[in-house]
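J.: Supplied in structure tokens, the structure appears directly below.
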Amino acid sequence: MQSLLQDNAALAKRIQSLRADTKATWGKMDAAQMLAHCLTAMRVSTGDLKLKRGLVGLLFGRLAKKSLTKPEPFKRGLPTAPEFVVRDPRDFAIEQRKLLELVQDIGRRGPAAFTREKHPFFGPMTNEEWDLLQWKHLDHHLRQFGG
């Protein structure tokens, strides 16, 4: 099974191997924006960032979660919630360091790192679901930048 907790060291290496000038193979973000985007999603998983649950999530969140927790990688072009969109310029080194620190902190803390709060779109989540979805999301964007 794919796991942020189990693959923590490998994910950390992939984050460290990124370069500020690496071009995305798809999408609109640059590398620094992608790191900030992943950091935002990861902060939701730890409960450090709390977002309100909207009507679309209430109606379709469970179905989307079921689809995204299948073994296949995320598809390109999936919709992104406005709270996770990063358009402003970011400092690559700062975003890389912050994401790396959070990934490593989650690895040290284990399942206790994940919040008991509902996901703002998917609703109630188990530790295993938080772990899997964070791994898949991070893997998706690292592959986007060749990492």
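The values are calculated or read from the model by the stated rules, or taken from the named source; none is laboratory data. Only a predicted model underlies this, so the values are computations on that prediction, with no experimental measurement involved. As a convention, Cβ positions derive from the backbone with ideal geometry for all residues, glycine included, and neighbour counts pool all protein chains shown.
J.: Which ones in the range 2-26 are over 17 Å from Q144 (Cα atoms) and either assigned to a helix (DSSP H, G or I) or more than 17 Å from the chain's Cα centre (by Cα) (or both)?
T.: N8, A9
J.: Would you say H140 is surrounded by 18 or more Cβ atoms within 10 Å (Cβ to Cβ) and either without any contact (Cβ under 8 Å) to a residue 24 or more places away in the chain or under 14 Å from the mean Cα position of the chain (by Cα) (or both)?
T.: No: the conditions fail for H140.
J.: Continuing with this model, one more query. Every residue in the range 107-118 that is surrounded by fewer than 20 Cβ atoms within 10 Å (Cβ to Cβ) and touching a residue at least 60 places away in the same chain (Cβ under 8 Å), please.
T.: G107, G110, P111, T115, R116, E117, K118, listed by residue number.
J.: Among helices (runs of 4 or more DSSP H) lying entirely in the range 37-147, which contain 1 or more residues that are at pLDDT below 95 and not polar (S, T, N, Q)?
T.: 55-68
J.: Ok, one more. In the range 15-28, which residues are buried (at least 18 other Cβ atoms within 10 Å of the Cβ) and among the basic types (K, R)?
T.: Within the range 15-28, none qualify.
J.: Here's another thing I want to ask about it. Between a first residue in the range 69-96 that is within 25 Å of R19 (Cα to Cα) and a second residue that is aromatic (F, W, Y) and part of a loop (DSSP other than H, G, I, E, B), which pairs have beta carbons less than 9 Å apart while being 6 or more apart in sequence or on different chains?
T.: Close Cβ pairs (under 9 Å, with a partner that is aromatic (F, W, Y) and part of a loop (DSSP other than H, G, I, E, B)) amount to R76/W26; G77/W26.
J.: So which of M125, M42 ends up being closer than 22 Å to R14 by Cβ and surrounded by 15 or more Cβ atoms within 10 Å (Cβ to Cβ)?
T.: M42
J.: Which condition number does A31 fail, the rest of (1) loosely packed, with under 15 Cβ neighbours inside 10 Å; (2) hydrophobic (A, V, I, L, M, F, W, C); (3) touching a Lys or Arg at 6+ places or on another chain (Cβ under 9 Å) being met?
T.: Exception for A31: condition (1).
J.: In the range 85-106, how many residues are surrounded by fewer than 18 Cβ atoms within 10 Å (Cβ to Cβ) and either among the acidic types (D, E) or closer than 27 Å to K66 by Cβ (or both)?
T.: 5
J.: For the range 27-54, what are the residues that are touching a Ser or Thr at 6+ places or on another chain (Cβ under 7 Å) and within 11 Å of G147 (Cβ to Cβ)?
T.: Listed by number, the list holds a single entry, A31.
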